[in-house]
Amino acid sequence: MPRGRGMLNRSVVDRKHSLSSLPPGVKREADGVLRIPIALVRAFTTQPRTYFSPESISALARGIKVRGQITPGLVKVVKDDPKHYYELINGERRLRACLEAGILFYRACVQDVVDVEDQFEISLAANFNHEGHSPLETAQALKRLRDQGRTVEHIANLCGKSVPWVYQHF
């Protein structure tokens, strides 16, 4: 695996957040999950999923209104944006549903990433077997990994799919 990519079992504790104070308005819950003002979180613009069903987001928003955001998202710290302290790695559907539900805070864990391609791989691995990606999203994600020099075997392992499945979906 090139440059440590695909290591999904890495610690989700970001040293910047454990050794120093958190950004304004961010609170650490008892379980270590951060409670982040939604305005401080930006989307991951090159993530594998490009379509979000409005009906699915609304259904999730209704559930969040009743029970809250049960599953935390996954974010990375951003240093190049004065408006946002975090960028999503996984959990954009939840973020959109929280916004629709009028929730002001987003629950998330912080993950260290090597670079944007590492972030893409983590996002893909975390989401690939969730709500269906369109055939085009699938093909584009697999092609991006292949263009980055990933082997078909690596892509299959990352996605939890077989090698023939990967070849069929390029």
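The values are calculated or read from the model by the stated rules, or taken from the named source; none is laboratory data. These numbers were taken from a predicted model, which means no experiment stands behind them. When we count neighbours, we look across all protein chains shown, and the Cβ atoms used for this are built from the backbone with ideal geometry, even at glycine. Accessible surface areas use protein heavy atoms only, side chains included; no ligands, DNA or RNA. Shrake-Rupley method; radii C 1.70, N 1.55, O 1.52, S 1.80 Å.
Under the 0.36 nm per residue contour assumption, what length would be gained going from the current alpha-carbon distance of R62 and T45 to full extension?
3.6 nm
Which of [x] 28.8; [y] 12.9; [z] 10.3 is the computed mean projected area of the Cα convex hull in nm² for the structure on display?
Read-out taken from this structure: [z].
Can you find, among P135, L99, F120, the residue farthest towards the positive end of the dipole of the chain? Put +1 on the C-beta of Lys and Arg, -1 on that of Asp and Glu.
L99
Per-residue accessible area for D115 at 1.4 Å probe radius, Å² rounded to 10?
40 Å²
Taking only C-alpha pairs under 8 Å that are 6+ residues apart, what is the relative contact order of the chain in percent?
Relative contact order of the chain: 26 percent.
How are the C-alpha pair distances of segment 61-162 spread across 10 Å bins, as whole percents from the shortest bin up?
14, 39, 33, 13, 1
Counting only protein heavy atoms and using a 1.4 Å probe, what share of the accessible area of the chain belongs to carbon plus sulfur, as a whole percent?
After summing per-atom areas, the C and S share lands at 56 percent.
Give the accessible surface of the chain per residue, rounded to a whole number of Å², with probe radius 1.4 Å and ligands, DNA and RNA excluded.
54 Å²
Go ahead and set up a Gaussian network model of the chain, Cα springs under 10 Å, then flag whichever of R94, R49, R62 fluctuates most.
Of the options given, R62 has the highest mean-square fluctuation.
About its Cα centre, how strong a charge dipole does the chain have in debye, to the nearest 20, once Lys and Arg get +1 and Asp and Glu get -1 at the Cβ?
Roughly 340 debye for the chain.
Can you pull the one-decimal nm distance between simple spin-label points at Q140 and E55, each 7 Å off the Cα toward Cβ?
The two pseudo-label positions are separated by 2.2 nm.
Counting each DSSP H run of 4 or more residues in the chain as -39500 (n - 2.57), what helix-only mean residue ellipticity at 222 nm follows after dividing by all residues, to the nearest 500 deg cm²/dmol?
Taking each H run of at least 4 residues, the total per residue is -11500 deg cm²/dmol.
Can you tell me the FRET efficiency between V114 and S21 if r is taken as the Cβ-Cβ distance and R0 is 25 Å, rounded to the nearest 0.05?
E(calc), rounded to 0.05, equals 0.45.
Using label points projected 7 Å from each Cα along Cα→Cβ, tell me how many nm separate I70 and N157, to one decimal.
With each label point 7 Å from Cα toward Cβ, the separation is 3.3 nm.
Which one, L34, L88, P164, projects farthest toward the positive side of the charge dipole computed for the chain from Cβ point charges (K/R +1, D/E -1)?
Highest projection toward the positive end goes to L34.
What fraction of the DSSP beta bridges in the chain is antiparallel, stated in percent and rounded to the nearest 5?
Counting only bridges with both partners in the chain, antiparallel ones make up about 65 percent.
Using θ = phi - 60° and the Karplus relation 6.51 cos²θ - 1.76 cosθ + 1.60, list the HN-Hα couplings for segment 146-155 in order, rounded to whole Hz, with x at every Gly or Pro.
With the stated coefficients, segment 146-155 comes to 5, 5, 7, x, 6, 6, 4, 5, 4, 4 Hz.
So how far apart, in nm, are the two label points at H169 and H84 if each is 7 Å from Cα heading toward Cβ?
About 2.5 nm separates the two model spin labels.
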